[in-house]
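Input: a single structure, listed below in structure tokens.
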Amino acid sequence: MLINLWKSSKLSEKFNSNHFILTHEERMTITILPEDVINKIAAGEVVEKPASVVKELLENAIDAKSDFIEIELKNYGKDLIRVSDNGIGMKKEDAMLSIQRHATSKINNADDLFSIATLGFRGEALASIAAVSRTAIITRVPDSDEGFLLEVEGGMKIKEQAAGAAKGTTVEVHNLFFNTPARLKFLKQDSAELKAIADIVTRYALLYSNIAFRLSHNGHMLLSTAKTDAKLNTIVSVYGKDSAKQMMEINFKDAFAEISGYVSKPSLLKSERSYQSFYVNGRYVKDETITQALYDAYHSLLFVNKHPVALLSINLNPSLVDVNVHPSKDRIKFSHPIKVYEAVFNAVRDVLRDNSLITDFSVKEENMPMSRFAPKVDSVQKAPAIQSLQSFSNISSNESQDTLMNANEKNETLALTKLPAMKLLGQIAKTYFLAEADDGFILIDQHVVQERAYYEKFMLQMLQGNVAKQSLLKPELIELAPAQVSVLNPNKAMLAQLGFEVEEFGLGTYTLRAVPSVFGNVQPKELFFEVLEQASEGKLHAVDRLKESIITRMACRASIKGGDRCSIPEFIAMLKELDKCVLPWTCPHGRPIFIQFSKDEIEKMFRRKG
């Protein structure tokens, strides 16, 4: 096809001796682009859509030390974007310079690029915006009696004069892309563009709770937050009171970084990741290292396609972060990504360990996880299974730490270490146990109680390299199909690490001599085939991920099932094992173990309360 096109072109006539011979008129010449073209090219890198304009102006307003910022839109930002703040404002001379490319007050030399502590620094925002719109800047510094007005059209100044103005700066962007109509064609649907604007304003409002934010479109208020010292109040304003109740505060510090913010309990999960906001030194960023650390910390607490809500602010030495890798400034590079990963992982994992994660009945159904397996997030740093396995290395195996008191056949209240105090009332439908708590009652899934205990106990044994085996009094003969043999042979070493002793007995026949003792109450042959099936399904996965998948499957298979009878003393023993776990709140798949019905919720159900 290409050859035919080549033969039919005029250039083919000038092809001779493997060289192109061009006429004088066709020779390429190098020219300097006109300034307006340069500005439009630069604007294309910085101003992709209305949300890009809002982001740049918003960051400038924050840098100006404002405590009130208002964003007004008309026609989804295409007709008007007005951003007003009550910050330090600009003098006339600074306002005139602000629309020139690479004019900035944030850096003075090349060294400053490696210690940036402000949001804006590239000196491109106003110049790029002004190049593709009709822009007006009205500004006044606090110690001046009058302000200054500057109007720019397509990058050209058309008006400058003294003007009455409130303290701070207002930037009005009219008719965005009026001189680059092709750009308008690449915009998404109006609703998507408005959502992108609301998204960026929301993310900065969540972090900068010391600033009041207002966002309106065509006169309709979309977001309004009050200035407050407590970020949780802003979370209430943005996500609602019910969601805020499910958030846990993080205050973490190590030698490398300080991390603050909030993450949600596993009972508050969303269908998309848009409820996660990450900030580095006050800048909203998108970063895979932080994302991976968050999901690894939640490992075994999440369902597939369900995502935690997170607001994480990471502060570290600015010299360890390169924020100058992309014109949009929302992509960064860390000098020590592994240290960032470890700090975020530890910060989130600590708060998950230190808080009660019992699911409250009042949590809306739309927030409840519905699916089975935990999400897989591609990592550029560390495989999630490896980190999640390592996270259990601190599990205490001290059997003497038994804090159950007076939990005997008389069925008195159980005093537990991590789990709430409760009095078991009995089994329901041979699947659940009902327990009275201090504030209402708790429903407990008997299967996942044992499943989580088995999972963590065996995980600890494997990490410590001392998996306890149970030799079979009578070895099991196992016949395998050729496909199963093809899975068994390359995985023999891994199966041995997991506590299975298998020897070849004959063609397609093997002898099973030992199984892991943790799961000794399961039929050995059944357990072995479960493991082999899982190995077959995951044979292309990383070894550590496969091991964990197998352990999860074994724990599920070995645990008491729904429909099995269980006495109160037997269940007390199961709760005793669960109370030793690091995360005794969900099964390894992320399904809740406990659901609590508060006295307040019970009274509402019986209409004793409104």
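The values are calculated or read from the model by the stated rules, or taken from the named source; none is laboratory data. The shown structure was predicted, so the numbers you read here are calculated from the model rather than taken from an experiment. All Cβ positions, glycine included, derive from the backbone under ideal geometry; neighbour counts span all protein chains shown.
Can you name every residue in the range 133-191 that is over 24 Å from His217 (Cβ atoms), in a loop (DSSP other than H, G, I, E, B) and touching a helix residue (DSSP H, G or I) at 6+ places or on another chain (Cβ under 7 Å)?
Of everything in the range 133-191, those that are over 24 Å from His217 (Cβ atoms), in a loop (DSSP other than H, G, I, E, B) and touching a helix residue (DSSP H, G or I) at 6+ places or on another chain (Cβ under 7 Å) turn out to be Gly154, Gly155.
So, in the range 434-472, exactly how many residues are farther than 21 Å from Ser549 by Cα and in contact with a Cys (Cβ under 6 Å, 6 or more places away or on another chain)? Before the answer, list the steps.
Going residue by residue through the range 434-472, those that are farther than 21 Å from Ser549 by Cα are 434-446, 470-472.
Remaining after also requiring in contact with a Cys (Cβ under 6 Å, 6 or more places away or on another chain): 446.
Residues flagged as farther than 21 Å from Ser549 by Cα and in contact with a Cys (Cβ under 6 Å, 6 or more places away or on another chain) within the range 434-472 amount to 1.
So which residues in the range 587-610 are under 18 Å from Pro420 (Cβ atoms) and among the aromatic types (Phe, Trp, Tyr), if there are any at all?
In the first step, residues of the range 587-610 are kept if they are under 18 Å from Pro420 (Cβ atoms); the result is 592-602.
Of everything in the range 587-610, those that are under 18 Å from Pro420 (Cβ atoms) and among the aromatic types (Phe, Trp, Tyr) turn out to be Phe594, Phe597.
In the range 475-485, which residues are assigned to a helix (DSSP H, G or I) and either among the hydrophobic types (A, V, I, L, M, F, W, C) or not assigned by TED's automatic domain parsing to the domain that holds Tyr432 (or both)?
Within the range 475-485, Ala483, Val485 qualify.
In the same structural domain as Glu533 (by TED's automatic domain parsing) and surrounded by fewer than 17 Cβ atoms within 10 Å (Cβ to Cβ): which single residue out of Leu488, Leu460, Leu495, Leu472 fits that description?
Working: Leu488 fails: surrounded by fewer than 17 Cβ atoms within 10 Å (Cβ to Cβ); Leu460 fails: surrounded by fewer than 17 Cβ atoms within 10 Å (Cβ to Cβ); Leu495 fails: surrounded by fewer than 17 Cβ atoms within 10 Å (Cβ to Cβ).
After applying the criteria, what remains is Leu472.
Looking only at residues in the range 62-104 that are of a type in the set (Gly, Ala, Ser) and touching a Gly at 6+ places or on another chain (Cβ under 8 Å), which one is nearest to Lys195 (Cα to Cα)? If you could, list the steps in order and put the result at the bottom.
Of the range 62-104, the ones of a type in the set (Gly, Ala, Ser) are 64, 66, 77, 84, 87, 89, 95, 98, 103.
In the following step, the residues that additionally are touching a Gly at 6+ places or on another chain (Cβ under 8 Å) were identified as 64, 66, 84, 87, 89, 103.
Working: Ala64: 26, Ser66: 24, Ser84: 20, Gly87: 26, Gly89: 29, Ala103: 31 Å.
The extreme case among them is Ser84.
Anything in the range 285-305 that is surrounded by fewer than 21 Cβ atoms within 10 Å (Cβ to Cβ) and over 16 Å from Tyr341 (Cα atoms)? List them, or say none.
Phe303, Val304, Asn305
Residue-wise test of (1) at positive phi; (2) buried (at least 19 other Cβ atoms within 10 Å of the Cβ); (3) out of contact with any strand residue (DSSP E or B) (no Cβ under 9 Å at 6 or more places or on another chain).
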residue: His174; (1), (2), (3): no, no, no
residue: Phe177; (1), (2), (3): yes, yes, yes
residue: Thr180; (1), (2), (3): no, no, yes
residue: Ala192; (1), (2), (3): no, no, yes
residue: Asp199; (1), (2), (3): no, no, yes
residue: Arg214; (1), (2), (3): no, no, no
residue: Leu223; (1), (2), (3): no, no, no
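Got a sec? Which strands (runs of 3 or more DSSP E) wholly within the range 237-346 have at least 1 residues that are of a type in the set (Phe, Trp, Tyr) and either outside the structural domain of Ile211 (by TED's automatic domain parsing) or at pLDDT 90 or above (or both)? Full working, then the answer.
Values: elements: 247-253, 258-264, 276-280, 283-285, 310-315.
Passing ranges, in order: 247-253, 258-264, 276-280, 283-285.
For the list (1) touching a residue at least 24 places away in the same chain (Cβ under 8 Å); (2) small (Gly, Ala, Ser); (3) crowded, with 16+ Cβ neighbours inside 10 Å, I need the number of the one condition that Ser319 fails.
In the conditions (1) touching a residue at least 24 places away in the same chain (Cβ under 8 Å); (2) small (Gly, Ala, Ser); (3) crowded, with 16+ Cβ neighbours inside 10 Å, Ser319 misses (3) alone.
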